[in-house]
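Quick notes on the structure that follows.
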Amino acid sequence: MSKYRDMFAACAVAILCFVSASHSAPLVCEKLVHPLDELAAHHFEGRWALVAGSLNHPPSMDALRLRDSITIYFSNSTETSTYTQINRFGDKCQRLPYNISVEGSTFTFDVGNRFDLSGSFLYTSCPDCMVMRWIVKSRKRHSVDLYLLSRRREVDQKEMEEFRAQLKCYQLPAPVVMDPTEELCLEQPESQPTAAAGGGEAEETVDQK
Ligand SMILES: *[C@@H]1O[C@H](CO)[C@@H](O)[C@H](O)[C@H]1NC(C)=O
Ligand SMILES: *[C@@H]1O[C@H](CO)[C@@H](O)[C@H](O)[C@H]1NC(C)=O
């Protein structure tokens, strides 16, 4: 008799859990997909390491896997705001500078009409991270991208779980997680000529991010 009772109890718990999980998922997503209204300047500017990223454009996802490390520098001022991405491939650093327009916590790349890239920042509980969402529209690519950036090279398991949950809310694939032991490139090259590996047209590089 008590065996049946236990089974019943287990089922009841399972059902309760199921019900509460299915109820809380939209609530969790509501918080996780919500773009931030504002962003403190000190939290935005400076150097960030790309920790993980995912997007719904398989060729660009494959291209992301080829980078050994990605460093992103943001600067913001009334005159010019910039986004500089430095990809490392082996011992080569590819430097990609863009001017951006920042408004509140969203930004757009100033690249004429070669492509449309609008970025915003989403909720994260990680204190030294930013979760950056890109909506990219170009001739070759329409995508939603989510990138986890941090001042650190890697984040806690809990923080990574939160990012994975965010990806699920956007129905994006499991992320490419960067190897934290790979070196980052410097913001400015020390002596060797710039853009050794670069030269690609901006649309090309965004397409392949
Ligand atoms: C960017 O700079 C402008 C002008 O100085 C300022 O109003 C805005 O809050 C800044 N935004 C961020 C995200 O730092
Ligand atoms: C950014 O804007 C400045 C002046 O507004 C310009 O001189 C520079 O070439 C631009 N850089 C890029 C990468 O577009």
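Those residues that are open to solvent by less than 40 Å² (accessible area, probe 1.4 Å), away from ligand 1 (no atom under 15 Å from the Cβ) and not aromatic (Phe, Trp, Tyr), I need them from the range 145-162; list them, please. Once the filter is applied, which keeps residues that are open to solvent by less than 40 Å² (accessible area, probe 1.4 Å), away from ligand 1 (no atom under 15 Å from the Cβ) and not aromatic (Phe, Trp, Tyr), the range 145-162 yields 145, 146, 148, 150, 155, 159, 160, 162. Condition first: touching a Lys or Arg at 6+ places or on another chain (Cβ under 6 Å) and not in a strand (DSSP E or B). Now tell me which residues in the range 66-90 satisfy that. Result: 68, single match. Restricting to the range 63-81, name every residue that is open to solvent by 20 Å² or more (accessible area, probe 1.4 Å) and within 16 Å of ligand 2 (Cβ to nearest atom). Answer for the range 63-81, where residues must be open to solvent by 20 Å² or more (accessible area, probe 1.4 Å) and within 16 Å of ligand 2 (Cβ to nearest atom): 73, 75, 76, 77, 78, 79, 80.
A Cβ distance below 6 Å, combined with a sequence gap of six or more or placement on separate chains, defines the contacts here; from the range 82-109, residues that are within 15 Å of residue 147 (Cβ to Cβ) reach residues that are open to solvent by 20 Å² or more (accessible area, probe 1.4 Å) and of a type in the set (Asp, Glu) in the pairs 105/38.
Counting only residues that are away from ligand 2 (no atom under 11 Å from the Cβ) and among the basic types (Lys, Arg), which one in the range 82-101 is nearest to residue 48 (Cα to Cα)? Checking each candidate, the answer is 88. If you take the residues in the range 39-60 that are in a loop (DSSP other than H, G, I, E, B) and modelled with pLDDT under 95, which one is nearest to residue 103 (Cα to Cα)? Among those that are in a loop (DSSP other than H, G, I, E, B) and modelled with pLDDT under 95, it is 39.
Restricting to the range 101-118, give me the number of residues that are over 21 Å from residue 140 (Cβ atoms) and either out of contact with any strand residue (DSSP E or B) (no Cβ under 8 Å at 6 or more places or on another chain) or open to solvent by less than 20 Å² (accessible area, probe 1.4 Å) (or both). Spell out how you get there, then give the answer.
Within the range 101-118, the first condition is being over 21 Å from residue 140 (Cβ atoms), and the residues that meet it are 101-107.
Now drop any that are not either out of contact with any strand residue (DSSP E or B) (no Cβ under 8 Å at 6 or more places or on another chain) or open to solvent by less than 20 Å² (accessible area, probe 1.4 Å) (or both), which leaves 103-105, 107.
Going through the range 101-118 one residue at a time, the tally reaches 4.
Is the range 123-144 home to any residue that is away from ligand 1 (no atom under 16 Å from the Cβ), open to solvent by 60 Å² or more (accessible area, probe 1.4 Å) and free of Cβ contacts under 8 Å to residues at least 12 places away in the same chain? Checking the range 123-144: at least one residue is away from ligand 1 (no atom under 16 Å from the Cβ), open to solvent by 60 Å² or more (accessible area, probe 1.4 Å) and free of Cβ contacts under 8 Å to residues at least 12 places away in the same chain.
For residue 12, are the conditions met, namely being modelled with pLDDT under 50 and open to solvent by less than 60 Å² (accessible area, probe 1.4 Å)?
On the way: modelled with pLDDT under 50: yes; open to solvent by less than 60 Å² (accessible area, probe 1.4 Å): yes.
It is true that residue 12 is modelled with pLDDT under 50 and open to solvent by less than 60 Å² (accessible area, probe 1.4 Å).
Taking the numbered list (1) more than 16 Å from ligand 1 (Cβ to nearest atom); (2) at pLDDT 95 or above in turn, residue 111 passes all entries but (2). Listed conditions (1) closer than 20 Å to residue 180 by Cβ; (2) assigned to a helix (DSSP H, G or I); (3) of a type outside the set (Phe, Trp, Tyr) are all met by residue 93, apart from (2). Inside the range 26-62, residues that are buried (at least 17 other Cβ atoms within 10 Å of the Cβ), over 13 Å from the mean Cα position of the chain (by Cα) and over 20 Å from residue 159 (Cβ atoms) make up a count of 2. For the range 102-159, the strands (runs of 3 or more DSSP E) that sit wholly inside it and include 1 or more residues that are farther than 20 Å from residue 46 by Cβ, among the hydrophobic types (A, V, I, L, M, F, W, C) and within 16 Å of ligand 2 (Cβ to nearest atom) are 116-122.
The values are calculated or read from the model by the stated rules, or taken from the named source; none is laboratory data. The structure displayed is predicted, hence computed values, not measured ones. A quick note on method: Cβ atoms are made from the backbone with ideal geometry, for glycine too, and the neighbour counts reach across all protein chains shown. Please note that ligands, DNA and RNA were not included when accessible areas were found on the heavy atoms of the full protein model with its side chains. Shrake-Rupley method; radii C 1.70, N 1.55, O 1.52, S 1.80 Å.
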